[in-house]
Amino acid sequence: MVTTAGLAIYVGSRQGLGFGDVVLLAPIAFVLGWFGWRQLFIGLMTAFVVAAVSMRALRACHVTRRGDTLALGPFLIASAAGAILLI
């Protein structure tokens with residue numbers, strides 16, 4: 001379900017998720033789902049929120065410009081590990 005939503009965002013938007021992020025969503029969602037719905041929700045939402053805040057901070061410091069991309073993979077992996085440690 002999570003991978004299908006990620007694939008829909010990938011196909012439907014021009015600058016949404018990259019295909020590597022969509023491919024990484026499947027094992028991350030599987031592992032987090034194994035630990036429970038709470039970990040799945042916390043892990044995925046934390047990744048998106050931290051990535052959005054990081055991109056906003058990079059844009060505020062004029063490190064990146066409008067239209068630049070930011071890889072979501074490291075945020076997915078870090079937040080998944082954090083959500084698993086919250087057990």
Extreme residue, most open to solvent (accessible area, probe 1.4 Å), among residues of the range 44-55 that are more than 21 Å from M1 (Cβ to Cβ) and of a type in the set (A, V, I, L, M): V53
Residues (of a type in the set (A, V, I, L, M) and not in a helix (DSSP H, G or I)) located in the range 31-72: V63, L70, A71, L72
One residue from L72, L40, L25, L58 being more than 16 Å from the chain's Cα centre (by Cα), of a type outside the set (K, R) and surrounded by 12 or more Cβ atoms within 10 Å (Cβ to Cβ): L58
Which numbered condition I9 misses (of (1) open to solvent by 70 Å² or more (accessible area, probe 1.4 Å); (2) modelled with pLDDT of 85 or more): (2)
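The values are calculated or read from the model by the stated rules, or taken from the named source; none is laboratory data. Quick caveat: nothing in here was measured; it's all calculated off a predicted structure. Glycine gets a Cβ as well: all are built from the backbone with ideal geometry, and neighbour counts include every protein chain shown. The protein model used for the area step is the full one, side chains on, heavy atoms only, and it has no ligands, DNA or RNA in it. Shrake-Rupley method; radii C 1.70, N 1.55, O 1.52, S 1.80 Å.
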